[in-house]
C-alpha cells in the first residue's frame, strides 16, 4: 500500500459505485483524506463508512453535480472538514437513453448534458477557485472513448464526453501558470453498473464491445483508478491538458 497522497485531500464525484468508488478507495489506500460525492445517498454513506472502518478518513456529501448550489456547498464542505482541496476527480455521469440522433428526446439531451458536461464545468468552477486560493492542485475529468469517436445511439452522451475533453484542454491552458494541472481520462468499456444497465436492455452489444477491444475483455474500475491516481501524483508533474486513453486498444484500430 502506497502513501503518495498522505496529507492530501481528494474529492471524487460519482463515488458511490463503479469507477468513482474505485478511485475513492484507491486514494484512501494511499492515505488521502477523501470526500465522496454522489446522488446515491445510501451507497455513498456506506462507501465512506467502509473507508473509515479500514482506517482511512472519508466523508460523504450528497451532491447533484448539475445543481450549482450543491456543487458550491460540496467544495465548501470539503474545505471546512479537511482544510483544503488537493485533488479533484470529476467522474459523475450518466449514459442516458439509447436512441438515434433524430429520436433522442429533448429531455434526455438536457439531462445528459446537465450532468455530464455542465456538472463537470460547475465542479471545476468551484474546485479551481479553491485551488487558486491555496496555490495549486490537480483536477482529472472523466471523459470516455466516446469523447474521441462516435457511438451510434448515444448522441447526447458522446457530445457531452467530447465537450469534457475540450473543457479540460481549455482550463488546463488557462491555469497552467497558477499551479493547477488539469487532465482527462478516457476509459473504454469498463465493467460497471452503467455498462450492466446498457447490456441488460441491449444484450447483443456485449459480444461486439468485447470483440472490438484488442485486449479481448472489459476493463476493471481499479484499472482506471490507477491511471487517475498517476495523473494526480507528482509522477505526472509535467502532464496537463492531456486526454489519457485507457481502453484496451479500442480507439487504436
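The values are calculated or read from the model by the stated rules, or taken from the named source; none is laboratory data. Source: prediction; values computed, not measured. Virtual Cβ from ideal backbone geometry, glycine too; neighbours counted across all protein chains shown.
In the range 181-253, counting only helices (runs of 4 or more DSSP H) that sit wholly within it, the ones holding 1 or more residues that are touching a strand residue (DSSP E or B) at 6+ places or on another chain (Cβ under 9 Å) span 221-232. In the range 89-99 there is at least one residue that is within 20 Å of residue 186 (Cβ to Cβ), modelled with pLDDT of 95 or more, assigned to a strand (DSSP E or B) and under 21 Å from the mean Cα position of the chain (by Cα). Cβ separations smaller than 8 Å between residues 6+ apart or across chains give the following pairs from the range 89-108 residues that are without any contact (Cβ under 8 Å) to a residue 40 or more places away in the chain and at negative phi to residues that are assigned to a loop (DSSP other than H, G, I, E, B) and surrounded by 19 or more Cβ atoms within 10 Å (Cβ to Cβ): 97/104. Yes or no: residue 24 buried (at least 16 other Cβ atoms within 10 Å of the Cβ), closer than 23 Å to residue 187 by Cα and touching a strand residue (DSSP E or B) at 6+ places or on another chain (Cβ under 6 Å)? It is true that residue 24 is buried (at least 16 other Cβ atoms within 10 Å of the Cβ), closer than 23 Å to residue 187 by Cα and touching a strand residue (DSSP E or B) at 6+ places or on another chain (Cβ under 6 Å).
Restricting attention to the range 143-168 and to residues that are closer than 12 Å to residue 99 by Cβ and in a helix (DSSP H, G or I), the residue that is farthest from the chain's Cα centre (by Cα) turns out to be 155.
In this structure, is residue 135 free of Cβ contacts under 8 Å to residues at least 24 places away in the same chain and more than 17 Å from the chain's Cα centre (by Cα)? Judged against the criteria, residue 135 is not a match. A count restricted to the range 100-117 and to residues that are farther than 30 Å from residue 30 by Cα and assigned to a helix (DSSP H, G or I) stands at 12.
When each of 180, 224 is tested for being surrounded by 14 or more Cβ atoms within 10 Å (Cβ to Cβ), at pLDDT 95 or above and over 13 Å from residue 142 (Cα atoms), the lone residue that passes is 180.
Scanning the range 200-219 for residues that are more than 16 Å from residue 149 (Cβ to Cβ), in contact (Cβ under 8 Å) with a residue 40 or more places away in the chain and surrounded by 11 or more Cβ atoms within 10 Å (Cβ to Cβ) returns a single hit, 202. Taken over the range 3-33, residues that are under 23 Å from residue 131 (Cβ atoms) and part of a loop (DSSP other than H, G, I, E, B) amount to 11.
Screening 167, 148 for residues that are at pLDDT 95 or above and surrounded by fewer than 19 Cβ atoms within 10 Å (Cβ to Cβ) leaves exactly one candidate, 148.
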